[in-house]
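Below you'll find the structure, written out as structure tokens, and then a few comments.
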Amino acid sequence: MRQVWKHWKRAVRMSSITIENKMKKSLARFRERINNGSYYEAQQTIRSITNRYVHSKNYEAAISLLYQSTMILLESKQYDEAADLYLYLLEVLQDENKSVEEFEAADLGKIVNILSTFPNTDANLANLAKETSKFANSKVGSDVGLPKINLLLGTKLLQSGVASQIGQSERYLFLTNDVNALKLIVELEYHTFKAEGKPEYFGLYLSRVVLPYLSIKNVKFAELALKKMLEDFQEDTPCERFQNVNGMLIFEADSDGNLDNCYKLVNFLQLLLALAKKGSKEDSNIFSLILKRYQNVLKGYEGLFERINEIAVIYYNISFIKKQSNLLQDMMGSFLGGGK
């Protein structure tokens, strides 16, 4: 039996060496074609070889070949072909069906390396982000996905310079546990608020950094985002009147109706956060009283009352609207795409 085991181990080792040698030759020919400018032909050859590995269930070889080939294409600045092989790599990783722990240990670094190498301005970026997010969500079985990938995607989209992609970046940045992502979100929202030049919109922009974090029960980051946004606002408008009440900056009413509603919204968000920090479903009555007091203000902003209602469902299992959305993806979409 021991002899049989030795022969089997030797056979496996020889098989691995043979595959490794074949892969080296394939990559050498691939690089040669790249150097000759035959990019499409080189890409299709790698696809054909990978197909054979996948057909024989040799996922390790398929993943290694696709990863190395994609990196070679990126080095040669052939981004369209690299994007195609990368998307195929995601398919193979999905078919291989490793556990989340095994994937993070063996292959997450490959995903990060490839995405990091794509220029932030590349036209493929938005689609790569969408497909990578879809893959990560499927891998972990959650709409939250993988925080490390979310941070990378959000940062690259934010730095793309494309308005639509900058807007999409927040969707990923909110789904991380990284303080740097929080800072990027606050900077983006506050910069947009300042550029708009309408002080009465401050409360709305503040809601855009607080409510998404509350929707995923990240109360700590909701509090950090609120404090940072208020600090920036105070620095720019030091003459505004407010009172410090139990650590909250309660803004006084203003003779201007629009500013009055803005300040009331700021006060409401601080009260909402203070209640969420307690984390008790028994506070539903207090929440109802606060909401009743501020509901006219909230209804003055398109879609805002509905967003607060979603928070009520999450934290207190109560709803003030008959029809409600209870999918995380829908909630994030409404939080980030709401009007003024």
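The values are calculated or read from the model by the stated rules, or taken from the named source; none is laboratory data. Being a predicted model, the structure only gives us computed values, none of them experimental. With ideal geometry, Cβ positions are generated from the backbone for all residues, glycine too; neighbour counts draw on all protein chains shown.
So the values come out like this:
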| read-out | value |
| --- | --- |
| Selection status of Thr237, over 27 Å from Glu306 (Cα atoms), modelled with pLDDT of 95 or more and of a type outside the set (A, V, I, L, M, F, W, C) | no |
| Test: residue in the stretch 292-303 that is within 12 Å of Leu214 (Cβ to Cβ) and of a type in the set (Gly, Ala, Ser) | no |
| In the stretch 141-174, the residues that are more than 24 Å from Ala222 (Cα to Cα) and in a helix (DSSP H, G or I) | Ala163, Ser164 |
| Residues within the stretch 122-137 that are of a type in the set (Gly, Ala, Ser) and farther than 19 Å from Gly109 by Cβ, tallied | 2 |
| Qualifying residue in the stretch 253-271 (condition: of a type in the set (S, T, N, Q), touching a residue at least 60 places away in the same chain (Cβ under 8 Å) and over 25 Å from Gly167 (Cα atoms)) | yes |
| Yes/no for Tyr79 being touching a residue at least 24 places away in the same chain (Cβ under 8 Å) and touching a Pro at 6+ places or on another chain (Cβ under 9 Å) | yes |
| Single unsatisfied condition, Ser133 versus (1) crowded, with 19+ Cβ neighbours inside 10 Å; (2) polar (S, T, N, Q); (3) touching a helix residue (DSSP H, G or I) at 6+ places or on another chain (Cβ under 6 Å) | (3) |
| Residue match in the stretch 190-204 (condition: more than 17 Å from Cys262 (Cβ to Cβ) and touching a residue at least 24 places away in the same chain (Cβ under 8 Å)) | no |
| Matching entry among Leu249, Leu272, Leu327, Leu265 (being modelled with pLDDT of 90 or more, among the aliphatic types (A, V, I, L, M) and farther than 20 Å from Lys198 by Cβ) | Leu272 |
| Helices (runs of 4 or more DSSP H) fully within the stretch 175-289 counting 1 or more residues that are crowded, with 18+ Cβ neighbours inside 10 Å and within 18 Å of the chain's Cα centre (by Cα) | 179-196, 202-215, 219-236 |
| Matching residues, the stretch 137-158, being surrounded by fewer than 16 Cβ atoms within 10 Å (Cβ to Cβ) and either of a type in the set (S, T, N, Q) or within 24 Å of Phe193 (Cα to Cα) (or both) | Ser138, Ser142 |
| Matching option when the condition is touching a residue at least 40 places away in the same chain (Cβ under 8 Å) and assigned to a loop (DSSP other than H, G, I, E, B), among Asn127, Asn120, Asn113 | Asn120 |
| Members of the stretch 86-115 found to be exposed (fewer than 12 other Cβ atoms within 10 Å of the Cβ) and hydroxyl-bearing (Ser, Thr, Tyr), listed by number | Ser99 |
